[in-house]
Amino acid sequence: MRTRTLSGLGLLTDLYQLTMGAAYLKRGIADSRAVFELFVRHLPPVRSYMVFAGLEPVLQYFDRLAFTPAEVQYLRRHEMFQHVGPEFFERLRHLRFSGDVWAMPEGTVAFAGEPLLRVEAPLFEAQLVETFLLSMINFQTSVATKAARIVQAAAGRGVVEFGTRRAHTPYAGLYGARAAYVGGCIGTSNLEAGYEYGIPVLGTFSHSYTLAFEDEAAAFRNFWDVFRQRTTLLIDTYDTLRGAGRAAGIGLPVHAVRLDSGDFLQLSRRVRALLDRRGRPEIQIMASGDLNEYRIEDLTRLGAPIDSYGVGTELITSQDAPALGGIYKLVEIERRGRAAWPAKFSPRKATVPGRKQVYRFFRPPRPAAGRAAAARPVAESTAAGQMLYDWVELQDAPPPRGGHPLLVPVLRGGRRAPAGERAADLRAARERCLRQLEQLPARYRRLVEAARYPVRLSPALQRLLRQARQQLK
């Protein structure tokens, strides 16, 4: 995103990231190679999976991370840095991110206990980026996951993100629109998201438009005169059925009518019947207003003749699970020229040391009977099968047979790797999400009381964890 009001982005962090950096520098360990991993320890109670999102804005942050002279002067004046030597401020003045980053591609369906992203960089740099990474990835992953649940409930009917007006600032609305598209929405009402990310922009008009005219029919006809075949008419300003009748009687091509209030099940049935009686079966019905995945699933189950949904507040705020507990922890550090594997053992907050890779295993497709099965190549991918489990292994361990690695290098030496260039493909991220959700068995996708998908730690990681605990004792 082009952030018009911000300059070097270096101050988009918490104070303690810089106080730690100054202390690292004083100790002489600021350039020690460090490895941090970003993961979610526990999913919210109403979530059974995540849709990873926010990677491309994170990569843009790495590209632009710097401190301007004015920002460095601000820190010099801050009371916390009054006794910090000049080498710290000189370090900030020349700072550019120089490390490596591995991450799951956006749109990947992920689970608790497995790294979503890994940073390998000098300790000073790897520590500094924590706050931005967590903020961006926690928020966008929350919204993408909520969108995926809503899209699942809609069962093939299009879902449009309508939430910017209820977002926590317009910038949250922009990033939320992006994440909702990753999660499977067909478009957004946010024009900046369309301009910035190429997301389809869709919209109708509000009740104030109708109220600005002497009568509803005049409002409808005037709107059609401007927008013709793309016209969607909001029909519940006064009386929904009368509005539907006016839309049907306008005698012009109308794309859809929108219901924004009332009993959507009964109203959609009555509006559909009216439109069909008036010879307008081509006019679709869209519903919006206080919708979430649970209401949409009920409407789907009961056969409501609704063709698409617009979802705002509940989607853009992920209202039933508004905070994702993503964390960013040190798992490896260079000490006196050798790798060490620190771990945290606080109750319910323990971490697993070591650089990790995540492998996904799939159920192989059942071979067809007869000659067709014999002719099928032995090396045919199992990715068409259902997901079985994820396996978390040390990065440098031999890859397990049949496992598909999920983490890919997106930055090398601070520069985009080929996989990082592909991360900008938002449509590919959306398709990845939809494809992987189809591969996830239904028991793990239920909106309530979903089964827990298995994520397994390798024996090598379990041994490393025991060693770290023993060293601590």
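Looking for whichever is under 30 Å from residue 152 (Cβ atoms), out of contact with any Asp or Glu (no Cβ under 9 Å at 6 or more places or on another chain) and either in contact (Cβ under 8 Å) with a residue 40 or more places away in the chain or surrounded by fewer than 21 Cβ atoms within 10 Å (Cβ to Cβ) (or both) here; the options are 278, 270, 228. Which one fits?
The unique qualifying residue is 270.
Residue check, residue 342 against (1) surrounded by 16 or more Cβ atoms within 10 Å (Cβ to Cβ); (2) touching a strand residue (DSSP E or B) at 6+ places or on another chain (Cβ under 8 Å); (3) not in a loop (DSSP other than H, G, I, E, B), all met but one. Which one?
Of (1) surrounded by 16 or more Cβ atoms within 10 Å (Cβ to Cβ); (2) touching a strand residue (DSSP E or B) at 6+ places or on another chain (Cβ under 8 Å); (3) not in a loop (DSSP other than H, G, I, E, B), only one is false for residue 342: (3).
Go through 413, 403 for me and flag whichever is surrounded by fewer than 14 Cβ atoms within 10 Å (Cβ to Cβ) and among the small types (Gly, Ala, Ser).
413
Of the conditions (1) in contact with a helix residue (DSSP H, G or I) (Cβ under 9 Å, 6 or more places away or on another chain); (2) not in a helix (DSSP H, G or I), residue 286 clears all except one; give me its number.
(1)
Collect the residues in segment 292-346 that are modelled with pLDDT of 95 or more and of a type in the set (S, T, N, Q), keeping them in residue-number order.
292, 300, 308, 313, 317, 318, 319
Mind checking whether some residue in segment 71-94 is at negative phi and under 17 Å from the mean Cα position of the chain (by Cα)?
No; the residues of segment 71-94 include none that is at negative phi and under 17 Å from the mean Cα position of the chain (by Cα).
Looking at 357, 319 in this structure, which one is closer than 30 Å to residue 46 by Cβ, part of a loop (DSSP other than H, G, I, E, B), within 33 Å of the chain's Cα centre (by Cα) and of a type outside the set (A, V, I, L, M)?
Sole residue among the options that is closer than 30 Å to residue 46 by Cβ, part of a loop (DSSP other than H, G, I, E, B), within 33 Å of the chain's Cα centre (by Cα) and of a type outside the set (A, V, I, L, M): 319.
Pick from 148, 153, 121: which is at pLDDT 95 or above, more than 17 Å from the chain's Cα centre (by Cα), assigned by TED's automatic domain parsing to the domain that holds residue 307 and not β-branched (Val, Ile, Thr)?
153
Kindly indicate whether residue 123 is crowded, with 22+ Cβ neighbours inside 10 Å and either touching a Ser or Thr at 6+ places or on another chain (Cβ under 7 Å) or small (Gly, Ala, Ser) (or both).
yes
For residues that are crowded, with 23+ Cβ neighbours inside 10 Å, modelled with pLDDT of 95 or more and not in a helix (DSSP H, G or I), tally how many sit in segment 168-210.
Number of matching residues: 6.
Regarding residue 378, is this residue at pLDDT 95 or above and not aromatic (Phe, Trp, Tyr)?
It is false that residue 378 is at pLDDT 95 or above and not aromatic (Phe, Trp, Tyr).
Any idea how many residues of segment 231-261 are closer than 27 Å to residue 295 by Cα and either assigned to a helix (DSSP H, G or I) or not assigned by TED's automatic domain parsing to the domain that holds residue 282 (or both)?
Residues that pass the stated criteria total 7.
Given the residues 407, 434, 426, 411, which is the only one that is under 20 Å from residue 389 (Cβ atoms) and touching a residue at least 60 places away in the same chain (Cβ under 8 Å)?
Matching residue, one of 407, 434, 426, 411: 407.
So, in segment 26-71, exactly how many residues are among the hydrophobic types (A, V, I, L, M, F, W, C), more than 24 Å from residue 137 (Cβ to Cβ) and surrounded by fewer than 19 Cβ atoms within 10 Å (Cβ to Cβ)?
The qualifying residues number 2.
For segment 50-79, which positions are in contact with a strand residue (DSSP E or B) (Cβ under 9 Å, 6 or more places away or on another chain) and closer than 19 Å to residue 19 by Cβ?
Result: 65, 67.
For residues in segment 305-323 being hydrophobic (A, V, I, L, M, F, W, C) and surrounded by fewer than 21 Cβ atoms within 10 Å (Cβ to Cβ), which is farthest from residue 125 (Cα to Cα)?
Filtering first and then ranking leaves 321.
Tell me the residue from 141, 108, 164 that is more than 23 Å from residue 325 (Cβ to Cβ), among the hydroxyl-bearing types (Ser, Thr, Tyr) and within 18 Å of the chain's Cα centre (by Cα), please.
164
The values are calculated or read from the model by the stated rules, or taken from the named source; none is laboratory data. The shown structure was predicted, so the numbers you read here are calculated from the model rather than taken from an experiment. Here Cβ is always computed from backbone atoms with ideal geometry, including for glycine, and neighbour counts include all displayed protein chains.
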